[in-house]
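Comments concern the structure below.
Nothing in this text is a laboratory measurement; each read-out follows from the coordinates by a stated rule. For clarity, every value in this text was computed on a predicted model and none was experimentally measured. Virtual Cβ from ideal backbone geometry, glycine too; neighbours counted across all protein chains shown.
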């Protein structure tokens, strides 16, 4: 493996993180945080920038770029981004080592699982009496910004900023952009990366403006935009989006979560003047169908029952309007793997709660910022299942599985199936491991495992929408951080690091 | 520049590699084989589209409407010609079409490539045969390139043990007039590059690159060449399109040519094409008996031009072993182009693919740089750089102006050609001919370009 080349590329990624961190210091200063917090944030970014740029200056690389280097750059790039990205939480937030790693990894992977609440033990032994709200603005902003950077991908961002990484750009791009299929938009990957980020920035600005129109402050609007567009789920309030109690804000966020969970290539085409292309896309139609069916059936199951919102209001005997309002928000939030909450779905009927957990497995679309297994893979697995059933009596039939009219070769199908198996297998492994590490409840362990692996955030039981991960043991937190990275980089990229043959030759 | 390459065969692949080196280029490759494209994309930052080269839909998918340059280099002449026409319909500015035969066009009847919207017709086989013909007269010549700007040549020759310059110091070069007019640019000795200075002593086995006017190079080659006792027979193995063209040209030049081909029908077909006066021998060119029958032991030159590369390489080794004067192998695969020069027993290797790449490179030139040829022995390109008035190297001596590894061969000044020596002072308007690898070339281009304070 070309270690120098990998080192340089990882350093380039950390430079991007460092530059983003400077803005956190700026925000802390502008929002009137204590001088100490501003100073500490500034120093964090200084350390990150110095470490990475000195590496770039010192390490000279030449030579060839193959698959190994591609995987190593993406996997190590994410790990180092999370280590440096954790500095603000550690220093300006005063949190413990394993907590900051969990929180940062949760941020970059757009999981949105948080350890922050009023029970979390800080390094000095104290707690945050009012939870999240007690953190400096700069740290809160950085927490949301990690989402935004990780959503479209820090490697893809680095590709757009440093075209010199273009040598193996295609490998890097494939390793980070989610989904089984790939539509190349431009000859140079660096240009594709710019387009993706361009669309992303555009949608983010639109959402911020709309949220501000609904009465949010610029700070809250931007932080929630980061959580939405990246399908992350960090909020600036302990009660998540439900803390604002506004139907308008709920709806704006629902729409943008839905957009963030669909393929950005479709948005790009729509912006180029083909708004109807959404409904020519098989995956989008499926995704839309899933959302509609899940919303309607969950609304039905909520009718007449009680709904407890995340800020503690109780709606007795819910009507159609209330049932629809909370159901659509929660369905979209879960299927896109965002993890925002307006109601405590932990208390919902078993049908609604289980369906939401199943939606966690489905996730967003290929080429979106969402997590999970992706709709395209679900479609392909279902279609493959049908052809296998047909083969029971058409023994010599040749596999003809298509997505959007294009035949998917069997090698690609096998990769999809292997992905589904690995994903489910990892879910089982992490559930069991969590139980072994002191989570004494099957529902909590099983949902925490998928909530991390699928990059959702909240689960059921002890990790429900109104709870946090603060109570878990340090080992369980580290384990879940690994699960989040596995989910975000779509399993293979991280798992190759565990193969001994990866390091030979 | 948006570049569309049709065909991901040996030539298309090499062009994609070469063109991708320049970050300004955005390359899209179209081929009907998805597996081939997949392999290409594992290593290169290009877009690939699978489909037929001349199909409108495939070309549209590949963004033909935005392409500035279309390189039609599939294996099928008809597809290439048609694709250029289709490309122009969608507004492609320049088209390059590769053909293996000239039979589509007839200047005399007024049907020229321009009628099919082809701006540059490249004919790798003919060009490759040209290259072979140019080195065939001198036993020691390895490759010769003409620089179009001033009838200058860069040639590579092999110092044979009985040559007049063996153990001669460069400063004591016997032909004093030549020394002032020809620049010995670099020498390959035991596979390592040496830059010859005045104290340099030529040894048998060296491969020397020299540059100068065409006439001076011819004189130089005549001088360093050794006469051999062989009869003047040329033996060509194979009845491939390249072999046919070669035999036709050799016959026109009045050479005594023999052809070895194992397939009798193919041989007869070729016989009808080249006409009377050429002897055909039926048999496998990789068999000693057959080669002996053909008289390889006494022949002046043996050229392996069979359809497959491996047979050519082995046939050449065998022929050289049996006593042939000079052996030349024609190969197509990229991998072999690199290893054939490393085989001491084979005097020259030529590749239609490499020649075609060079032809395309000639067409692409930037404001200050023109790329001429890929020198196969040293894996470097020949560049021409123009010295601009406000560039930082203008007015400096060559030794001080460039990094020490740069090899400046020639300088064109005011229509005159001068061999570039270290103490020459660069002037505005000079054109420097440089042998360099692509990375160095990028650095040199930076030096030569006028420093702009504001980006214009």
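Table for the structure above
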item: Residues A:257, A:1, A:21, B:322 arranged by fewest to most Cβ contacts within 10 Å; result: A:1, B:322, A:21, A:257
item: Average Cα contact separation per residue, segment A:253-347, under 8 Å, 6 or more apart, as relative contact order %; result: 29
item: Between segment A:267-308 and segment A:449-505, the Cα center-to-center distance that results, in Å; result: 28
item: Residue exposure sequence - B:437, A:395, B:353, B:41 - by fewest surrounding Cβ within 10 Å; result: A:395, B:437, B:41, B:353
item: Segment A:12-42-segment B:169-238 distance, computed between alpha-carbon centres (Å); result: 66
item: Footprinting exposure proxy for B:175, B:115, A:69, B:199 (fewest neighbouring C-beta atoms within 10 Å first); result: B:199, B:115, B:175, A:69
item: Relative contact order, percent, segment A:366-505 [alpha-carbon distance under 8 Å, six or more residues apart]; result: 20
item: Per-residue mean of C-beta atoms belonging to partner chains within 10 Å, peptide A:186-194; result: 5
item: Packing-based ranking, highest mean first, of A:243-255, B:385-397 given that Cβ atoms within 10 Å are counted; result: A:243-255, B:385-397
item: Estimated 222 nm signal from helices in chain A, with DSSP H stretches of n ≥ 4 weighted -39500 (n - 2.57), rounded to 500; result: -19500 deg cm²/dmol
item: Packing-based ranking, highest mean first, of B:335-343, B:92-100, A:56-64 given that Cβ atoms within 10 Å are counted; result: B:92-100, B:335-343, A:56-64
item: More than 41 angstrom apart: percent of Cα pairs within chain B; result: 21
item: Inter-part distance where segment A:338-404 and segment A:195-238 are each reduced to a Cα centre, Å; result: 28
item: Mean Cα-pair separation over length for segment A:295-438, i.e. relative contact order, pairs under 8 Å, 6 or more apart, %; result: 15
